[in-house]
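S.K.: Quick one: the structure is below, and I'll ask about it shortly.
The values are calculated or read from the model by the stated rules, or taken from the named source; none is laboratory data. Please read these numbers as outputs of a predicted model, since none were measured by experiment. Glycine also receives a Cβ, built like all others from the backbone with ideal geometry; neighbour counts cover every protein chain displayed. Side chains included, ligands, DNA and RNA excluded: accessible areas come from the protein's heavy atoms. Shrake-Rupley method; radii C 1.70, N 1.55, O 1.52, S 1.80 Å.
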Amino acid sequence: MIDKKAVVLFSGGQDSTTCLYWAKKHFENVYALSFLYGQKHAHEVELAREIARKAGVEFTVMDAGFIGKLGSSSLTDTTIEMDKEMPEGAFPNTFVPGRNLFFLSIGAVFAREHGIRHLVTGVSQTDYSGYPDCRDSFIKSLNVTLNLAMDEQFVIHTPLMWLDKAQTWALADELGVFDIILQETLTCYNGVVADGCGECPACKLRRQGLEEYRKRSTI
């Protein structure tokens with residue numbers, strides 16, 4: 001490995017925390033970059049800060065409040081009741097339009113200013129909840145665009161792209177951070193730490209993955 005530094009887009013949830021520790025395994029210096037984008041559960045940023053502190057990585061928060069003002073989503077608008085199931089023929093209303101596009105673009109500028117070429121994000125096409133900006137084709141396309149836009153050679157790493165949630169739990173276990181993911185991360189769309197509310201789509205996906213991993217690991 002030539003480059004020693006990486007930026008992880010970090011929310012303090014299951015996926016990004018797994019990616020944070022994946023990055024610590026593969027890079028000498030890791031930077032955690034979080035965003036305030038108008039999310040209702042904005043205290044996730046403070047939880048992320050604490051996880052980053054324990055992990056011994058530099059933590060930065062970016063104000064990206066404009067994202068929540070551009071489009072409508074139940075994650076940013078308190079007047080919208082959250083979808084509990086995937087709607088047929090439409091995006092779930094937890095989709096925040098442009099979120100990963102902006103996060104990765106801001107992350108690339110941050111990386112460039114710190115002499116970093118590697119960006120890490122926890123998106124997954126296997127368990128992507130119907131979000132188009134979690135797909136591999138989008139990531140590959142944006143990677144090319146960012147390189148052209150700044151005449152750089154960024155590499156966007158997606159360690160979870162082809163993993164389902166059970167495999168993501170397995171990776172956390174392999175990295176030695178299973179208990180941290182289980183007890184300290186915030187995946188819940190309603191802002192409840194660890195096991196979460198149990199009702200939102202993120203909690204259901206997380207719990208199903210955990211149950212499946214435990215089942216697989218005892219076979």
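S.K.: Got at least one residue in the range 129-139 being modelled with pLDDT of 95 or more, assigned to a loop (DSSP other than H, G, I, E, B), within 13 Å of Val8 (Cα to Cα) and not hydrophobic (A, V, I, L, M, F, W, C)?
M.R.: Scanning the range 129-139 turns up no residue that is modelled with pLDDT of 95 or more, assigned to a loop (DSSP other than H, G, I, E, B), within 13 Å of Val8 (Cα to Cα) and not hydrophobic (A, V, I, L, M, F, W, C).
Residue-by-condition table, conditions (1) over 27 Å from Cys200 (Cβ atoms); (2) touching a residue at least 12 places away in the same chain (Cβ under 8 Å); (3) loosely packed, with under 15 Cβ neighbours inside 10 Å:
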position	(1), (2), (3)
Phe102	no, yes, no
Arg112	yes, yes, no
Gly122	no, yes, no
Tyr131	no, yes, no
Met150	yes, yes, yes
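S.K.: I've got another one for you. So Thr126 passes all but one of these: (1) modelled with pLDDT of 95 or more; (2) under 16 Å from Trp162 (Cβ atoms). Which condition number does it fail?
M.R.: Going through the list (1) modelled with pLDDT of 95 or more; (2) under 16 Å from Trp162 (Cβ atoms), Thr126 breaks only (1).
S.K.: Check off (1) open to solvent by less than 70 Å² (accessible area, probe 1.4 Å); (2) closer than 23 Å to Cys200 by Cα; (3) out of contact with any Asp or Glu (no Cβ under 7 Å at 6 or more places or on another chain); (4) of a type in the set (Gly, Ala, Ser) for Ser72 and give me the number that stays unchecked.
M.R.: Unmet for Ser72, out of (1) open to solvent by less than 70 Å² (accessible area, probe 1.4 Å); (2) closer than 23 Å to Cys200 by Cα; (3) out of contact with any Asp or Glu (no Cβ under 7 Å at 6 or more places or on another chain); (4) of a type in the set (Gly, Ala, Ser): (1).
S.K.: Kindly check whether there is at least one residue in the range 4-21 that is open to solvent by 40 Å² or more (accessible area, probe 1.4 Å) and more than 15 Å from the chain's Cα centre (by Cα).
M.R.: Scanning the range 4-21 turns up at least one residue that is open to solvent by 40 Å² or more (accessible area, probe 1.4 Å) and more than 15 Å from the chain's Cα centre (by Cα).
S.K.: Among the listed residues Ala42, Ala64, Ala90, identify the single one that is open to solvent by less than 20 Å² (accessible area, probe 1.4 Å) and not polar (S, T, N, Q).
M.R.: Working: Ala42 fails: open to solvent by less than 20 Å² (accessible area, probe 1.4 Å); Ala90 fails: open to solvent by less than 20 Å² (accessible area, probe 1.4 Å).
Just one listed residue meets the conditions, Ala64.
S.K.: Which condition does Gly107 not pass, out of (1) in contact (Cβ under 8 Å) with a residue 40 or more places away in the chain; (2) more than 20 Å from Val192 (Cβ to Cβ); (3) part of a loop (DSSP other than H, G, I, E, B), if it passes all the others?
M.R.: Only one criterion is unmet by Gly107, namely (3).
S.K.: It is to be established whether one or more residues within the range 93-100 are open to solvent by 60 Å² or more (accessible area, probe 1.4 Å) and either assigned to a loop (DSSP other than H, G, I, E, B) or farther than 18 Å from Ala202 by Cα (or both).
M.R.: No, the range 93-100 has no match at all.
S.K.: From Ile156, Ile116, grab the single residue that is over 25 Å from Lys54 (Cβ atoms), in contact with a strand residue (DSSP E or B) (Cβ under 7 Å, 6 or more places away or on another chain) and of a type in the set (Val, Ile, Thr).
M.R.: Checking each option against the conditions leaves just Ile156.
S.K.: Right, next: Would you please list the contacts, defined by Cβ atoms under 8 Å and residues six or more apart or on different chains, that run from a residue in the range 37-60 that is among the polar types (S, T, N, Q) to a residue that is assigned to a helix (DSSP H, G or I)?
M.R.: Once the first residue is among the polar types (S, T, N, Q) and sits in the range 37-60, its partners that are assigned to a helix (DSSP H, G or I) give Gln39/Gly68; Thr60/Phe110.
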